[in-house]
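The values are calculated or read from the model by the stated rules, or taken from the named source; none is laboratory data. Since this is a predicted model, take the numbers as computed values, not measurements. Cβ placement follows ideal geometry from the backbone for every residue including glycine, while neighbour counts extend to all protein chains displayed. Ligands, DNA and RNA are stripped out before the accessible areas are found, and what is left, the full protein with its side chains, is counted by its heavy atoms. Shrake-Rupley method; radii C 1.70, N 1.55, O 1.52, S 1.80 Å.
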Amino acid sequence: MKYRDILITGGAGFVGSNLALKLKQDFPDSDITVLDNLKRRGSELSLKRLKAAGIDFVHGDIRNREDLVFEKVDLLLECSAEPSVLAGIGSSPDYLMNTNLVGTLNCLEVARQHGAASLFLSTSRVYPISYINDLEFEEAETRFNILDGQKTPGASSKGIAESFPLDRARSLYGTTKLASEMVVAEYVDTYGLKAIVDRCGVITGPWQMGKIDQGVFVLWVAKHYFKQSLSYIGYGGAGKQVRDFIHIDDLYRAIKLQLENFDDYNGQTYNVGGGLENSVSLQELTTLCEQITGNKIDIASVKEDRPADLRFFITDSTKFLEQSGLSWQKDAQQTVQDIYEWIRDNEADLKPILA
Ligand SMILES: NC(=O)c1ccc[n+]([C@@H]2O[C@H](COP(=O)([O-])OP(=O)(O)OC[C@H]3O[C@@H](n4cnc5c(N)ncnc54)[C@H](O)[C@@H]3O)[C@@H](O)[C@H]2O)c1
């Protein structure tokens with residue numbers, strides 16, 4: 001990879017810290033700096049691991065331009081965010097807007113000033129909620145399935161592709177990300193910025209500080225591990241909602257390939273997610289968690305839907321997978337196993353955060 005001076009904003013978070021550590025391992029000559037305001041509970045646990053790997057940490061906030069002064073940057077990975085789809089619902093949207101939108105623009109300015117290539121972590125939440133929930137589906141024994149033959153373009157049993165319509169509401173969170181994507185496109189067009197946008201569905205794996213509104217896979221494994229309770233919320237309360245997931249190791253493989261071949265991916269937007277093969281319903285996730293942790297816990301049923309929730313989301317990443325030739329290595333069983341082993345091996349540190 002030709003990039004040496006790498007800045008990772010949000011680099012103490014789940015995605016940012018994993019990318020930082022893996023890049024440092026694969027490219028030991030690189031100078032990696034991570035910036036994070038440590039807003040996410042648990043991000044502070046990354047600091048020891050980052051330091052041990054020789055990665056510099058800057059305690060800063062992307063909302064403040066004065067925090068974003070660096071000597072040399074030739075690659076920016078923008079991984080900072082308020083990543084909860086519930087952010088701003090029933091409360092002020094200020095933090096969300098100022099971080100996910102204004103802060104991202106501040107990061108883009110750093111990239112422009114340094115002539116750095118950029119990779120922006122976007123989300124499948126750019127796709128409008130009502131279009132997704134209006135899709136034709138069938139209710140199977142343990143999950144909802146998206147049917148083929150949909151009227152809405154870009155939707156099939158393989159999931160949602162980049163050609164899905166974008167003209168309805170998508171949550172405040174999704175809107176901050178879509179708006180940022182649009183500004184990225186303008187920076188590419190106006191300033192010749194090199195940039196790739198990856199729209200990810202659920203990303204999960206070790207070092208994700210799962211909580212009720214974000215990081216559901218880790219939350220589910222942790223609640224089983226610590227023998228606490230959970231709820232199936234909405235869509236009949238039977239836990240048939242489906243999400244695809246991508247293991248952080250597979251996301252890293254995808255991003256590494258893009259960074260090594262930047263020009264092939266430059267200026268484009270890709271769905272990058274686990275897809276139908278790597279999808280589970282909450283019910284199915286419960287079964288896996290019971291098998292792997294050996295614990296069975298109480299799961300309540302709440303019939304009312306939660307705001308901004310989806311009956312299903314499956315990422316159709318055909319565009320990226322065909323171009324890259326990659327396939328995913330970590331399935332649901334392996335992913336839950338990895339999360340379980342990580343919690344087991346770091347129980348004392350993680351219990352106050354995950355339990
Ligand atoms: N985890 C997922 O399932 C998922 C899915 C799709 C997209 N994404 C995107 O991936 C990126 C990384 O998400 P994540 O899962 O690592 O979340 P995370 O919460 O673990 O990490 C985000 C980090 O950003 C930091 N941060 C928040 N506000 C900041 C600010 N104003 N200034 C500096 N740092 C700030 C937090 O402290 C945290 O360490 C985000 O852009 C998110 O929207 C995540």
Which condition number does Leu259 fail, the rest of (1) in contact with a Phe, Trp or Tyr (Cβ under 8 Å, 6 or more places away or on another chain); (2) open to solvent by less than 10 Å² (accessible area, probe 1.4 Å); (3) closer than 29 Å to Leu172 by Cβ being met? (3)
Can we say Asp5 is away from the ligand (no atom under 13 Å from the Cβ) and open to solvent by 60 Å² or more (accessible area, probe 1.4 Å)? no
Looking at the stretch 310-331 only, could you name the residues that are touching a helix residue (DSSP H, G or I) at 6+ places or on another chain (Cβ under 8 Å), open to solvent by less than 20 Å² (accessible area, probe 1.4 Å) and within 28 Å of Ile292 (Cβ to Cβ)? Leu310, Phe312, Phe313, Ile314, Thr315
Any idea which residue in the stretch 45-72 is nearest to the ligand (Cβ to nearest atom), counting only those that are assigned to a loop (DSSP other than H, G, I, E, B) and touching a Leu at 6+ places or on another chain (Cβ under 8 Å)? Ile62
Name the residues in the stretch 26-40 that are more than 16 Å from the ligand (Cβ to nearest atom) and not in a helix (DSSP H, G or I), would you? Phe27, Pro28, Asp29, Ser30, Asp31
Flag if Val183 is more than 16 Å from the ligand (Cβ to nearest atom) and closer than 29 Å to Ser17 by Cα: no
Considering every residue within the stretch 140-153, establish whether at least one is more than 17 Å from Asn271 (Cβ to Cβ), in a helix (DSSP H, G or I) and at pLDDT 95 or above. no
Residues in the stretch 192-206 that are near the ligand (Cβ under 8 Å from one of its atoms), open to solvent by 10 Å² or more (accessible area, probe 1.4 Å) and within 30 Å of Arg344 (Cα to Cα) total 3
Does Gln150 satisfy the condition of being closer than 23 Å to Thr190 by Cβ and more than 16 Å from the ligand (Cβ to nearest atom)? no
Specify the residue that is surrounded by the most Cβ atoms within 10 Å (Cβ to Cβ); the eligible residues are those in the stretch 73-87 that are over 14 Å from Ile6 (Cα atoms) and near the ligand (Cβ under 9 Å from one of its atoms). Ser80
Does Leu23 meet the test of being assigned to a helix (DSSP H, G or I) and either open to solvent by 50 Å² or more (accessible area, probe 1.4 Å) or more than 8 Å from the ligand (Cβ to nearest atom) (or both)? yes
Regarding Leu96, is this residue part of a strand (DSSP E or B), within 10 Å of the ligand (Cβ to nearest atom) and open to solvent by less than 30 Å² (accessible area, probe 1.4 Å)? no
Hey, Phe137 touching a residue at least 60 places away in the same chain (Cβ under 8 Å) and touching a helix residue (DSSP H, G or I) at 6+ places or on another chain (Cβ under 9 Å) or not: no
Single match in Gly215, Gly210, Gly237 (criterion: small (Gly, Ala, Ser), touching a Leu at 6+ places or on another chain (Cβ under 8 Å) and over 20 Å from Ser118 (Cβ atoms)): Gly210
Out of the stretch 102-133, which residues are away from the ligand (no atom under 11 Å from the Cβ), open to solvent by 10 Å² or more (accessible area, probe 1.4 Å) and under 14 Å from Gly174 (Cβ atoms)? Ile129, Ser130, Tyr131, Asn133
